[in-house]
Amino acid sequence: MLLSELIGPETIEEIAHQLWASLVPTEGVLVPSACALAHLHRASGRITAAVSISGSCDGTVELACSEPLGRAIAAFMFGLPEADLDEAAVTDAVGELANIVGGNVKSLLPPPTSLSIPIVTTGPTASDEGRTASCAVGFDFLGEPALVLVRDASLAPA
């Protein structure tokens, strides 16, 4: 069974909105954005976290965001000023978000299904090619881009 047969853009939007509401309920609004991929291409720095899903469906769930948004997310998660965050805290925070989104996707799939630990990278990655994803949903938060990609295993980067 393909991941894309069970998980579509509406599902990703719902998961993202619930996650953002619980993470930063008083800060800004998560807005769907058809331009997020283009904005990520222009961003000075990018962070991408990916988790692999295997079992009844095989594929990946990726969360990509601008470096400033990654720092803002980490500040919210750790309750620290952005100036006090190091790179490890930022990558941990973005990795945890990908893990939460992936876990929510996993919960919607038939068993058996497992989820890998997040792998976090900085700079241009396969997520830059959102068109190769089964499902790509862009968002804007605090004026910064974020993108959630779901790929069937056949579309996952090598």
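Rule-based calculations on the coordinates, nothing more; no lab input. As the structure is a prediction and not an experimental result, all values here were calculated from the model. In this analysis, Cβ positions are derived from the backbone assuming ideal geometry, glycine residues included, and neighbour counts consider all displayed protein chains.
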ask   = Residues with beta-carbon under 11 Å from that of Met1, excluding Met1: net charge, scoring Lys, Arg +1 and Asp, Glu -1?
value = -3
message = What does the extension gain come out to for Ala38 and Glu5, with contour length at 0.36 nm per residue minus their alpha carbon separation?
response = 9.3 nm
query = What is the range 3-155's relative contact order, in percent, from Cα pairs under 8 angstrom and six or more apart in sequence?
reply = 38
Local electrostatic count, Pro118, Cβ distance below 14 Å [Lys/Arg +1, Asp/Glu -1] = -2
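Percent of alpha carbon pairs in the range 3-155 separated by more than 21 Å? Provide the component values of the computation, followed by the final result.
Values: 4386 of 11628 pairs.
In whole percent, the share of Cα-Cα pairs in the range 3-155 beyond 21 Å is 38.
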ask   = Using +1 on the beta carbon of Lys and Arg, -1 on that of Asp and Glu, and nothing else charged, what's the dipole of the range 3-155 about the Cα centre, debye to 20?
value = 220
